[in-house]
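Data first, discussion second: the structure below is written as structure tokens.
The values are calculated or read from the model by the stated rules, or taken from the named source; none is laboratory data. Owing to the predicted nature of the structure, the values given are computational and were not obtained by experimental measurement. Here Cβ is always computed from backbone atoms with ideal geometry, including for glycine, and neighbour counts include all displayed protein chains.
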Amino acid sequence: MIDYTLDTALSILLVRPTDALTQEDFAQLAKSVDPHIEKTGGLAGIIIEIIKFPGWGTFAAFAAHIRFLRDHHRHIKKVGVVTDSPVGTLAEKLASHFVAAEIKQFPAGEVEVAKRWIAG
């Protein structure tokens, strides 16, 4: 499951994975952000706040995640990963090879700092 908030004024999507990710999570994310992307041309950024990465519930969920990234990464300027988990460092290094966005990790609890980085 993914909790998320789209700040349309700043064009920042805040994503918080809480339970194993599902296909429906990515369908709902796309349904929420696609109209904003169509209207504005993209997102200033995404903030991913992770306490512990919950993984994917099924292979179909993993595939949906990959499709979401493929379909959206060119419309996102920056990605802030807010976590103290080692998955944050791994995500920062791996994702930089596959997405067009600038990626930066922030310590847990620093969502506002990540937001300022994206907005700045």
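Numbers at a glance
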read-out: Complete set of residues in segment 29-56 that are surrounded by fewer than 14 Cβ atoms within 10 Å (Cβ to Cβ), assigned to a helix (DSSP H, G or I) and in contact with a Ser or Thr (Cβ under 8 Å, 6 or more places away or on another chain); value: Thr40
read-out: Some residue of segment 10-18 being assigned to a strand (DSSP E or B), surrounded by 17 or more Cβ atoms within 10 Å (Cβ to Cβ) and touching a Pro at 6+ places or on another chain (Cβ under 6 Å); value: yes
read-out: Long-range neighbours under 6 Å by Cβ, at least six apart or interchain, first residue within 10 Å of Ile2 (Cα to Cα) within segment 19-38, second small (Gly, Ala, Ser) and crowded, with 17+ Cβ neighbours inside 10 Å; value: Leu21/Ala61; Thr22/Ala61; Phe26/Ala64
read-out: Some residue of segment 58-71 being at pLDDT below 95 and part of a strand (DSSP E or B); value: no
read-out: Top-ranked residue of segment 72-120 - restricted to ones that are among the acidic types (Asp, Glu) and assigned to a helix (DSSP H, G or I), ranked as modelled with the lowest pLDDT; value: Glu92
read-out: Which numbered condition Thr5 misses (of (1) outside any helix (DSSP H, G or I); (2) over 13 Å from the mean Cα position of the chain (by Cα)); value: (2)
read-out: Segment 24-40: number of residues that are over 15 Å from the mean Cα position of the chain (by Cα) and either modelled with pLDDT under 95 or more than 13 Å from His75 (Cβ to Cβ) (or both); value: 1
